[in-house]
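Working notes, beginning with the structure itself.
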Amino acid sequence: MSQRKLMAVLSLAAVVALTAGESRASLSRVEGMSLTVPTLSQFTDDYVNIYYYPASVVRQNNLVLAELGNNPTGSSSDGTVISLGAVATGQQSFTVIRNFPRLGAIAFQMKQSALNNYTASGSLTNEQLDAIWGKALTNFDFAVRLDITNSSFEETSNAGGTTSLNRVRGFGVDPFDPYPFGGLFQADLIRSGAGGTGPIEVNTFGITPGITIHMSNDNRLEGAVTYRKYSLDRTEVTGGVQGEKWEDDGGASYAVVGRAFVNQGDRHVWVPAGWYVNDDLSWKVTNVPAAGSIRSADETYKSYGVGLSDNMRVNDNNLLLWGVQVAQTKHSYERTDGAVAAGEQSLFEEKTTMVPLVFAAIETDATKWLKVRIGANRSLLSDRTENTTFGTPSTTVTDKTRTSDFNFSLGTGLRWNNLDVDMTLNEKFPLSGGYILSGDRSTPFTRASATYHF
């Protein structure tokens with residue numbers, strides 16, 4: 001055997017050795033089963049759902065979980081362009097779950113951004129707290145989740161005897177500009193930004209009580225309700241005279257989720273689920289673009305749907321999961337002021353309907369030490385967008401599109417005593433064999449997670 005072939009065989013053996021084992025408590029697991037499409041992970045009884053169904057925390061073992069980050073493109077550095085191989089750290093987190101005999105279960109997660117928020121997570125980039133307390137009682141479990149993000153900036157300056165104050169609650173982009181988009185007013189500014197600036201950070205406070213009701217035959221019902229409030233305030237005062245101000249003008253946001261686990265014999269568990277989410281990110285701007293001007297927008301993001309899955313044990317350690325759901329997301333934006341500027345949006349609505357979305361996944365023990373996960377989902381999408389701009393007369397454009405979206409994933413895991421390491425496999429790697437076989441510098445994995453049980 002040539003040296004090159006020997007190196008290839010040893011490298012592939014090392015990869016297999018690093019992709020062994022079993023874990024039921026990481027983002028890599030559900031991603032490897034193609035269940036990270038929003039709302040699909042709730043069809044499994046997995047750790048990743050404790051932030052949407054807080055009462056499920058009481059069923060978790062004591063553990064420490066580290067989400068190590070992801071590299072969604074699978075690119076690696078070519079030795080010169082280092083950024084090609086940079087790991088995306090925005091999804092990194094460190095979680096501890098501890099069960100106390102008298103107190104109950106506590107989950108505490110540390111991360112930079114609020115990752116477990118339905119709609120505006122890209123705009124919540126300074127998290128202060130995300131914790132769950134739960135208690136198992138005789139016939140039901142109860143838990144409460146509390147999450148907070150908070151940031152602020154304030155500067156006072158004195159130039160030529162004139163005092164200026166800039167105050168920002170919800171940091172990000174240019175803190176010296178109370179309204180960082182200039183005279184531009186359009187939909188989705190907070191979540192997506194404008195001109196490539198990215199999301200504008202807002203602050204939020206959310207509280208989520210959850211309950212699990214246990215019934216005969218180990219069946220159970222789970223539900224949770226989230227109350228959430230977003231806040232945003234950017235103000236500039238110069239020489240004691242009120243200047244520009246951009247602030248939150250929305251009401252409370254909320255979410256209602258529910259699911260059931262219905263055992264059908266020893267092999268099947270049916271999981272019906274439903275959800276409704278309403279996030280209000282309405283805002284108001286004062287003194288932009290001129291003194292006395294008031295412009296405001298009602299802006300909401302909604303998501304709702306129902307689904308059903310069958311979690312089937314085909315033998316002792318293998319899971320075959322399949323199901324179907326119908327869902328819709330809707331984003332509405334409406335200018336509520338009387339100002340008219342040609343080209344500005346006065347009304348915008350975008351709606352995506354998935355009827356249906358079908359999904360399937362298998363998780364199997366290839367050997368006593370090797371866990372393999374394969375998953376896919378396919379949805380039929382109907383998109384409708386309506387955009388109306390101010391003008392004399394106004395202009396309205398309506399677009400309707402029908403498409404189909406397919407997703408496929410592979411995952412593996414390593415178990416070593418009490419330590420699990422899960423990984424999402426780069427789909428290119430099995431076809432190329434990596435750098436040794438083909439010269440392809442793509443990384444073998446696109447996400448990695450580590451869980452320690454104690």
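Annotations
- Helix 3-17 axis, angle to the chain major axis (alpha carbon atoms, nearest 10°): 80
- Phi angles across segment 320-326 convert, under the Karplus curve 6.51 cos²θ - 1.76 cosθ + 1.60 with θ = phi - 60°, into 3J(HN,Hα) values of 10, 10, 8, x, 8, 8, 10 Hz, Gly and Pro given as x.
- For the chain, the alpha-carbon radius of gyration amounts to 1.11 times the rule-of-thumb value 2.2 N^0.38 Å expected for a compact globular protein.
- Counting only heavy atoms of the protein chains and using a 1.4 Å probe, HIS268 has close to 60 Å² of accessible surface.
- Cα-centred dipole magnitude for the chain, charges only on beta-carbon of K, R (+1) and D, E (-1), debye, nearest 20: 1340
- For segment 323-364, trypsin sites (Lys or Arg not before Pro) are listed when DSSP marks them as loop and at most 13 other Cβ atoms sit within 10 Å of their Cβ; the list is empty.
- Derived scalar couplings between HN and Hα for segment 423-436 equal 9, 9, 7, 5, 5, 6, 5, x, 8, 9, x, x, 5, 5 Hz in order, rounded to whole Hz, by the Karplus curve 6.51 cos²θ - 1.76 cosθ + 1.60 (θ = phi - 60°), x for Gly and Pro.
- Phi angles across segment 442-453 convert, under the Karplus curve 6.51 cos²θ - 1.76 cosθ + 1.60 with θ = phi - 60°, into 3J(HN,Hα) values of 4, 6, x, 10, 10, 7, 9, 9, 9, 10, 10, 9 Hz, Gly and Pro given as x.
- Whole-number percent relative contact order across the chain, with pairs defined as alpha carbons under 8 Å at least 6 apart: 17
- Among the protein heavy atoms of segment 310-363, carbon and sulfur supply 56% of the accessible surface, probe 1.4 Å, non-protein parts ignored.
- Based on C-alpha pairs under 8 angstrom that are at least 6 apart in sequence, segment 307-389 has a relative contact order of 30 percent.
- Potential lengthening between GLU349 and ASP233 on full extension [0.36 nm per residue; Cα-Cα distance subtracted]: 39.2 nm
The values are calculated or read from the model by the stated rules, or taken from the named source; none is laboratory data. Please read all numbers here as calculations on a predicted model, not as lab measurements. As a convention, Cβ positions derive from the backbone with ideal geometry for all residues, glycine included, and neighbour counts pool all protein chains shown. These area figures cover heavy atoms from the full protein model, side chains too; ligands, DNA and RNA do not enter into them. Shrake-Rupley method; radii C 1.70, N 1.55, O 1.52, S 1.80 Å.
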